[in-house]
Amino acid sequence: MLLVMNHFHLEMKDVSKSVFRTINGTKVKTSILSGLDLRIKTGELITIMGASGSGKTTLIRLINRLSELDSGIIMLNGNDIKNLVPMELRRKIGMVFQVPVVFKGSVRNNLAFGIKLWGGNTVIETLSRDAGIPENLLDADAGQLSIGEKQRVCIARALANQPEILLLDEPTSSLDALSAQKIEKLLLGLQKERDLTIIWVTHEKEQVERIGGRRLVLRGERLEDFHA
């Protein structure tokens, strides 16, 4: 299949995905994405809403191959992501999950692990500053941080290899309103400073209104423009 997509950072073409769900005690194969198309330019902010179970998380997991699509094609800078080694792909496409998970040890150890994992040369102090982590927390026990602080550590780890694209799976859903808005401000600042392409999954209409960007909703296995 030959596709010309040189001016798009990321393109999904005719993507379909089914998952197994348990219904009345029986596993049933269910289609959640069908014939989905999406084109994203460098530096764009995309927000994706949708009902619970609509496939929002599955959609972004396909982009860095944490899940594999059933059919269709996903292109990064004009290249089929199936031609990239998954680890290399995930250097280019970072992901922040809904519930922050930190490793044992200090914040500094967590950030050093991220840098070592991806083979980067980012300075820990620079990484922590970019993620809004105060210097006096670098030697604190990461397990004792607040949820908001842990999420900043996870964001910093995701930034360790200077990804081109950042996937956000409801990164503020477990935070209080004030902490959520601080994380929003941080991420929007990083997007502008780095010309970072962001795909942000959220279930909150109010958050979509605050952060802006191109608004999409996943409905009936397809992506549609979101209208308030």
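The values are calculated or read from the model by the stated rules, or taken from the named source; none is laboratory data. Since the structure is predicted, the reported quantities are computational estimates derived from the model, not experimental observations. When we count neighbours, we look across all protein chains shown, and the Cβ atoms used for this are built from the backbone with ideal geometry, even at glycine. Keep in mind that these areas ignore ligands, DNA and RNA; they rest on the heavy atoms of the full protein, side chains included. Shrake-Rupley method; radii C 1.70, N 1.55, O 1.52, S 1.80 Å.
Looking at Asp130, Asp70, can you tell me which residue is in contact with a Leu (Cβ under 8 Å, 6 or more places away or on another chain), of a type in the set (D, E, K, R) and touching a residue at least 40 places away in the same chain (Cβ under 8 Å)?
After ruling out the rest, the residue left standing is Asp130.
From Ile165, Ile155, Ile147, grab the single residue that is under 14 Å from Leu45 (Cβ atoms), of a type in the set (Val, Ile, Thr) and surrounded by 13 or more Cβ atoms within 10 Å (Cβ to Cβ).
The unique qualifying residue is Ile165.
How many residues does region 64-110 hold that are open to solvent by 80 Å² or more (accessible area, probe 1.4 Å) and either in contact with an Asp or Glu (Cβ under 7 Å, 6 or more places away or on another chain) or at positive phi (or both)?
Residues flagged as open to solvent by 80 Å² or more (accessible area, probe 1.4 Å) and either in contact with an Asp or Glu (Cβ under 7 Å, 6 or more places away or on another chain) or at positive phi (or both) within region 64-110 amount to 1.
Of all residues in region 27-66, count the ones that are under 13 Å from the mean Cα position of the chain (by Cα), of a type in the set (Ser, Thr, Tyr) and closer than 13 Å to Lys17 by Cβ.
So the count comes out to 2.
Provide a single number: the residues in region 168-221 that are of a type in the set (Ser, Thr, Tyr), open to solvent by less than 30 Å² (accessible area, probe 1.4 Å), outside any strand (DSSP E or B) and touching a residue at least 40 places away in the same chain (Cβ under 8 Å).
Qualifying residue count, region 168-221: 1.
Among the listed residues Ile63, Ile48, identify the single one that is hydrophobic (A, V, I, L, M, F, W, C) and over 19 Å from Phe226 (Cα atoms).
Ile63
Does Val153 qualify as being assigned to a helix (DSSP H, G or I) and either among the hydrophobic types (A, V, I, L, M, F, W, C) or within 19 Å of Val15 (Cβ to Cβ) (or both)?
yes
Any idea which residue in region 135-144 is nearest to Leu117 (Cα to Cα), counting only those that are open to solvent by 30 Å² or more (accessible area, probe 1.4 Å) and part of a helix (DSSP H, G or I)?
It comes out as Gly143.
Filter region 43-63 down to the residues that are outside any helix (DSSP H, G or I) and modelled with pLDDT of 95 or more, then identify the one that is most open to solvent (accessible area, probe 1.4 Å).
The qualifying residue most open to solvent (accessible area, probe 1.4 Å) is Glu44.
Take the residues of region 111-134 that are closer than 23 Å to Pro86 by Cα and of a type in the set (A, V, I, L, M, F, W, C): which is least open to solvent (accessible area, probe 1.4 Å)?
Taking the candidates together, the pick is Leu111.
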